[in-house]
Amino acid sequence: MKIIVIGATGTIGREVVKALSADHEVVRIALKDADIVADITSKASIESMYRKVGPFDAVASPAGYAKFGTLDELTDEDYLMGLTNKLMGQVNLVRIGRSYINHNGSFTLTSGVLSQEPMPGSTSLSMVNAAIEGFVRAAALEMTRGIRINVVSPIFVTETAEAMGLTITPTIPAAKVALVFKESIEGHRNGEVVDVRKFV
Ligand SMILES: NC(=O)c1ccc[n+]([C@@H]2O[C@H](COP(=O)([O-])OP(=O)(O)OC[C@H]3O[C@@H](n4cnc5c(N)ncnc54)[C@H](OP(=O)(O)O)[C@@H]3O)[C@@H](O)[C@H]2O)c1
């Protein structure tokens, strides 16, 4: 398969690229240092990326940003950034990519466990993650040509916790999250929110 990995240089994205590269042709997308530079907050940039890639079979999107912060801390701009970046960035990958993806292709987006298990400071992330999961469940009902769509819901990634100097448990190594993307792409799931803890 020819697979586009959005956020290919990130903590999870690097492992997704590794997990897929042995068996598939992978096109790495990020804001810099990638095979193709594209910005998911811009519909024009997404459209241009799909045109450059040509026919493809799957999109994996371990990408998207929303801000952590309390109700008192988060500004209008902070909330809007999560909506524009992590939510609509990924939604537009699907809306635009539907016309370019091959028959029987698949989209695998990313949410996060904060959609179902919030914590103080997670209002923006919880809101955005829940919206992505709602989008995926509904979009699956409208996919044609055998196209599938799923969303991977990670818990805190071990490498991210280490980089932030946090001692949170449990965490999951990025390489294990990557295997969930691989399974979503190579398997038969459709319209599912896949909790990474079910794979550990
Ligand atoms: N890490 C965790 O603990 C964790 C837990 C739950 C959910 N998640 C979710 O998993 C996803 C990936 O997380 P991560 O920790 O791997 O992120 P990360 O390390 O910050 O990497 C982000 C990746 O996305 C790319 N990117 C950023 N903005 C972009 C844009 N506008 N257009 C295209 N590419 C863009 C970055 O490229 P550049 O480097 O070029 O900017 C980088 O490759 C996010 O949705 C995050 O919310 C992560």
For the condition farther than 20 Å from residue 183 by Cα and buried (at least 24 other Cβ atoms within 10 Å of the Cβ), what is the one hit in 46, 96, 40, 36? 40
For residue 6, only one of the following conditions fails: (1) of a type in the set (Val, Ile, Thr); (2) over 21 Å from residue 83 (Cβ atoms); (3) out of contact with any Gly (no Cβ under 7 Å at 6 or more places or on another chain). What is its number? (2)
What's the number of the only condition in (1) within 13 Å of the ligand (Cβ to nearest atom); (2) among the aliphatic types (A, V, I, L, M); (3) open to solvent by 20 Å² or more (accessible area, probe 1.4 Å); (4) farther than 24 Å from residue 19 by Cα that residue 141 fails to meet? (1)
Of the residues that sit in segment 144-160 and are charged (D, E, K, R) and closer than 19 Å to residue 62 by Cα, which one is least open to solvent (accessible area, probe 1.4 Å)? 148
Give me the pairs: first residue in segment 56-78 and in contact (Cβ under 8 Å) with a residue 60 or more places away in the chain and within 20 Å of residue 41 (Cα to Cα), second residue within 12 Å of the ligand (Cβ to nearest atom) and part of a loop (DSSP other than H, G, I, E, B), beta-carbon distance under 6 Å, and six or more apart or on different chains, which are they? 62/7
Just checking, does segment 35-45 include any residue being within 21 Å of residue 85 (Cβ to Cβ), in contact (Cβ under 8 Å) with a residue 12 or more places away in the chain, more than 9 Å from the ligand (Cβ to nearest atom) and assigned to a helix (DSSP H, G or I)? yes
What's the number of the only condition in (1) within 11 Å of the ligand (Cβ to nearest atom); (2) under 16 Å from the mean Cα position of the chain (by Cα) that residue 91 fails to meet? (1)
Residues satisfying the stated conditions in segment 64-92, i.e. open to solvent by less than 20 Å² (accessible area, probe 1.4 Å) and within 19 Å of residue 14 (Cα to Cα): 86, 90
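Every residue, every condition in (1) in contact with a Cys (Cβ under 8 Å, 6 or more places away or on another chain); (2) aliphatic (A, V, I, L, M); (3) assigned to a helix (DSSP H, G or I), yes or no:
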site: 127; (1), (2), (3): no, yes, yes
site: 131; (1), (2), (3): no, yes, yes
site: 134; (1), (2), (3): no, no, yes
site: 137; (1), (2), (3): no, no, yes
site: 140; (1), (2), (3): no, yes, yes
site: 151; (1), (2), (3): no, yes, no
site: 161; (1), (2), (3): no, yes, yes
site: 169; (1), (2), (3): no, no, no
With under 22 Å from residue 151 (Cβ atoms) and among the small types (Gly, Ala, Ser) as the only criterion, which of 69, 97 stands out? 97
Count of residues meeting criterion [farther than 18 Å from residue 53 by Cβ and open to solvent by 50 Å² or more (accessible area, probe 1.4 Å)] in segment 99-123: 6
Among (1) within 23 Å of residue 152 (Cα to Cα); (2) near the ligand (Cβ under 8 Å from one of its atoms), where does residue 82 come up short? (2)
Cβ-Cβ under 6 Å, sequence separation 6+ or interchain: first residue in segment 4-18 and surrounded by fewer than 19 Cβ atoms within 10 Å (Cβ to Cβ), partner modelled with pLDDT of 95 or more and not basic (Lys, Arg). Which pairs? 9/30; 9/33; 11/157; 11/159; 11/160; 11/174
Could we say that residue 163 is within 12 Å of the ligand (Cβ to nearest atom) and surrounded by fewer than 14 Cβ atoms within 10 Å (Cβ to Cβ) here? yes
Sole miss for residue 156 among (1) closer than 22 Å to residue 26 by Cβ; (2) of a type in the set (Phe, Trp, Tyr); (3) within 11 Å of the ligand (Cβ to nearest atom) is condition (1)
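The values are calculated or read from the model by the stated rules, or taken from the named source; none is laboratory data. Note that the structure is predicted; figures quoted are calculated from it, not measured. All Cβ positions, glycine included, derive from the backbone under ideal geometry; neighbour counts span all protein chains shown. What goes into the accessible areas is simple: the full protein's heavy atoms, side chains included, and nothing from ligands, DNA or RNA. Shrake-Rupley method; radii C 1.70, N 1.55, O 1.52, S 1.80 Å.
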